[in-house]
Amino acid sequence: MIIPVMQNRLNSSHLLKVSAYLHSGPFGNIVLKDGVPVVSYSVEDVMEHRTSAELKGFGDVIRPQKLSKKELLERWALALEKRKGARLCTLRETEYKPVKEQLALRQENSPLTVAFEDPVLRSAGLVNDTFGEAARFFGLSNSQLHKLVCYCHFGETVAAETVAARVRYFCDAPSVAKLACGYVIASVVLTGIVWLSKAI
């Protein structure tokens, strides 16, 4: 790549002085082209060199992740557990905000910030650390997320490990669909037992 240094034509003695000055900096070789000094450098001069191990690690971070809801929550819990001893800020009055304000609600250094700072969760699709985005991304209801980050449960701050424990609870908690299915099955079985007992 060639970049002109100046438009005025210089003789060889002037070029040597300019070259001596520029060569000590991040410049390439200086040559005369039709009497005009130009800086010539290769791609290697401007590329940052990384080892293969560094490049592998970089690729692992930016590669999109496809994780289940449980895996996403476990990753968040792990990120919180790595902050053990840290006090995180809570979000105020999440249950009283109008929907639009609630979804956009955020707080610096909150449990949601910890999630967004995790490179794996970002590569999996976490866009920011707002209340609405966290609910969407982790597949939690507003009520469930409220129990994890709201001021009314913890006060101004909460221990990172406390939130981690609650997040892990949601990892193992049965879904509403499974509970409803179980309820239907139990009702059918109970009805059958009652009917048989009457028939006998």
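Quick notes on this one:
- Residue match in the range 135-148 (condition: in contact with a Cys (Cβ under 8 Å, 6 or more places away or on another chain) and either within 19 Å of Lys84 (Cα to Cα) or not assigned by TED's automatic domain parsing to the domain that holds Arg75 (or both)): no
- The listed residue being assigned by TED's automatic domain parsing to the domain that holds Cys152, at pLDDT below 95, crowded, with 19+ Cβ neighbours inside 10 Å and among the polar types (S, T, N, Q), out of Thr90, Thr94: Thr94
- When Lys84 is tested against (1) more than 19 Å from Ser143 (Cβ to Cβ); (2) at pLDDT 95 or above, exactly one condition is not met: (2).
- In the condition set (1) modelled with pLDDT of 95 or more; (2) over 25 Å from Leu91 (Cα atoms); (3) among the basic types (Lys, Arg), Arg136 is compliant with all but (2).
- Which listed residue is in a helix (DSSP H, G or I), surrounded by 20 or more Cβ atoms within 10 Å (Cβ to Cβ) and either in the same structural domain as Tyr151 (by TED's automatic domain parsing) or at pLDDT below 95 (or both), from Val114, Val120: Val114
The values are calculated or read from the model by the stated rules, or taken from the named source; none is laboratory data. These figures come from a predicted structure and were not determined experimentally. We place every Cβ from the backbone using ideal geometry, glycine too, and count neighbours over all the protein chains shown.
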